[in-house]
Amino acid sequence: GQTVLTAVSGKNISFIGEDRDATVITQDISNDDDMLFDGQFGKAHKYEEIKNSPVLQLDAEGTYMQDITVKSGINDALGRNLAILDNSTKTIYKNTLLYGYQDTWTSNKQTGMYYFEGGQVRGRTDYLCGSGDAYFKGLELLQVASGYAAVPSTPKNIGWVFKDCSFSASGDGVNGTYTLGRPWGKGTPVAVFIDTKMNVTPKAEGWNEMSGGWPKRFAEYNSTNANGVAIDLSNRKTIFADTHENNPVLTAEEAAEYSDMGKMFGDWQPTLATEQAPVPTNVVANGATLTWDDS
């Protein structure tokens with residue numbers, strides 16, 4: 001049958017756009033009535049579902065993305081509409097925009113390692129979800145309406161670390177209505193937000209329940225609002241699934257431990273790939289030959 005996803009299976013493939021907002025990978029599919037059906041939660045798209053809807057499915061290793069948008073061709077609120085299903089490992093996203101509504105970026109490899117630097121992920125429901133270890137550095141989370149941001153499952157080593165990230169609103173009615181995440185699993189999910197700027201703030205409890213699951217650790221350190229004022233964490237959720245305790249506030253020492261990318265990734269150093277090369281110096285054109293000092 002017809003499929004709307006593109007599978008990427010080669011190793012070490014780079015997708016680099018000229019301009020993030022102008023370079024868009026999406027699906028040429030219709031959202032007309034003949035493509036919809038009555039689902040469990042209302043109208044749904046015939047291609048919704050984690051296995052059907054992704055724009056790209058990464059089945060490789062070492063995929064590199066920079067300055068590019070991957071946007072679901074399925075409209076909002078029509079079920080799961082992934083930008084990327086990442087079955088890979090050592091994937092790097094630098095200044096990318098992943099645009100969806102539910103399960104926008106889904107990692108599907110427990111031994112997977114993922115690194116985000118800058119950029120945005122947009123969605124409402126579980127728009128970052130899945131397994132493996134992920135380090136999100138300077139990512140902007142574009143929250144649509146209420147909903148849930150980070151929904152980790154089973155990590156490889158550490159879990160999910162958000163460092164120097166921010167929350168912003170995509171649309172109205174977001175402030176005070178969303179939660180940072182919910183646990184996809186029993187005793188395994190880890191999500192920590194360190195030095196996060198919340199331009200729109202979550203509900204006071206901060207976190208939510210999911211299917212009787214509970215986190216290994218859901219916590220924050222130095223969360224601030226749009227004005228840089230520390231957010232009161234005293235009402236953050238401490239009990240999940242009725243009996244499972246969670247300490248929602250990191251100590252400075254814990255924040256430093258989680259912030260150390262080497263503890264998560266070991267020998268893999270993704271910043272060596274994202275580091276911007278310096279502008280060439282002593283550039284000389286001699287006939288058809290262009291030379292410059294070694295960088």
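Just a few scattered comments:
- The residue that is nearest to Gln27 (Cα to Cα), among those in the range 104-118 that are out of contact with any helix residue (DSSP H, G or I) (no Cβ under 6 Å at 6 or more places or on another chain) and open to solvent by 10 Å² or more (accessible area, probe 1.4 Å), is Asn108.
- Count of the range 157-178 residues, restricted to those that are open to solvent by 10 Å² or more (accessible area, probe 1.4 Å) and either within 15 Å of the chain's Cα centre (by Cα) or at pLDDT 95 or above (or both), is 10.
- Among residues of the range 218-229 that are on the phi > 0 side of the Ramachandran plot, those with a beta-carbon under 6 Å from a residue that is surrounded by 16 or more Cβ atoms within 10 Å (Cβ to Cβ) and modelled with pLDDT of 95 or more at least six positions away or on a different chain give the pairs Asn222/Asp195.
- Each residue in the range 1-12 was checked for being outside any strand (DSSP E or B) and farther than 18 Å from Tyr99 by Cβ, and 7 pass.
- Qualifying residue in the range 140-154 (condition: open to solvent by 20 Å² or more (accessible area, probe 1.4 Å), in contact with a Lys or Arg (Cβ under 9 Å, 6 or more places away or on another chain) and at pLDDT below 95): yes
- Restricting attention to the range 13-47, the residues being under 17 Å from Asp126 (Cβ atoms), touching a residue at least 40 places away in the same chain (Cβ under 8 Å) and either β-branched (Val, Ile, Thr) or assigned to a loop (DSSP other than H, G, I, E, B) (or both) number 0.
- All positions within the range 103-119 that are without any contact (Cβ under 8 Å) to a residue 40 or more places away in the chain and assigned to a strand (DSSP E or B): Trp105, Ser107, Tyr114, Phe116
- Lone qualifier among Gln27, Gln66 - being crowded, with 17+ Cβ neighbours inside 10 Å, modelled with pLDDT of 95 or more, within 20 Å of Asn108 (Cβ to Cβ) and not aromatic (Phe, Trp, Tyr): Gln27
- Test: Asp34 is among the acidic types (Asp, Glu) and over 20 Å from the mean Cα position of the chain (by Cα): yes
- Residue count for the range 75-92, restricted to those that are surrounded by 22 or more Cβ atoms within 10 Å (Cβ to Cβ), out of contact with any Ser or Thr (no Cβ under 6 Å at 6 or more places or on another chain) and closer than 14 Å to Tyr127 by Cβ: 2
The values are calculated or read from the model by the stated rules, or taken from the named source; none is laboratory data. In this text, all values refer to a predicted model and were calculated from it rather than measured experimentally. So basically every Cβ, Gly included, is an ideal-geometry build from the backbone, and we count neighbours across all protein chains shown. What goes into the accessible areas is simple: the full protein's heavy atoms, side chains included, and nothing from ligands, DNA or RNA. Shrake-Rupley method; radii C 1.70, N 1.55, O 1.52, S 1.80 Å.
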